[in-house]
């Protein structure tokens, strides 16, 4: 029986004190927090470097994709056919709009008023007259 008590007493003496356990636990927690701080800081620098690289590539692409000045075409051989009653300013505005929208591929050849058929005029009249 004395041997059992001696063995039990030896087992109790091998356990660390409460202060040692608390000290080791708190120091371990703080070491892990410091390690996490360094990991997060490293990731922040890594992502900042990746974003800077993407922004640099985007700015280079923006510089390359700037519109080139439109090269003027040769003067037209014949002026466009214009219906009576349309001023030269209107023809110039329409020609400029066509050239700007097409990038200079198309030219203006004729300008005439778009008329409504009798059915179109009746539709406009019925849609705009008061109740």
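The values are calculated or read from the model by the stated rules, or taken from the named source; none is laboratory data. In this text the structure is predicted, and so the values were computed from the model without any measurement. Positions of Cβ are backbone-derived with ideal geometry, glycine not excepted, and every protein chain shown enters the neighbour counts.
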Could you go through segment 78-90 and let me know if any residue there is modelled with pLDDT of 80 or more, on the phi < 0 side of the Ramachandran plot, touching a strand residue (DSSP E or B) at 6+ places or on another chain (Cβ under 9 Å) and assigned to a helix (DSSP H, G or I). yes
Collect the residues in segment 87-125 that are touching a residue at least 12 places away in the same chain (Cβ under 8 Å) and touching a helix residue (DSSP H, G or I) at 6+ places or on another chain (Cβ under 9 Å), keeping them in residue-number order. 107, 108, 111
Surrounded by fewer than 10 Cβ atoms within 10 Å (Cβ to Cβ), farther than 30 Å from residue 115 by Cα and modelled with pLDDT of 90 or more, is that true of residue 18? yes
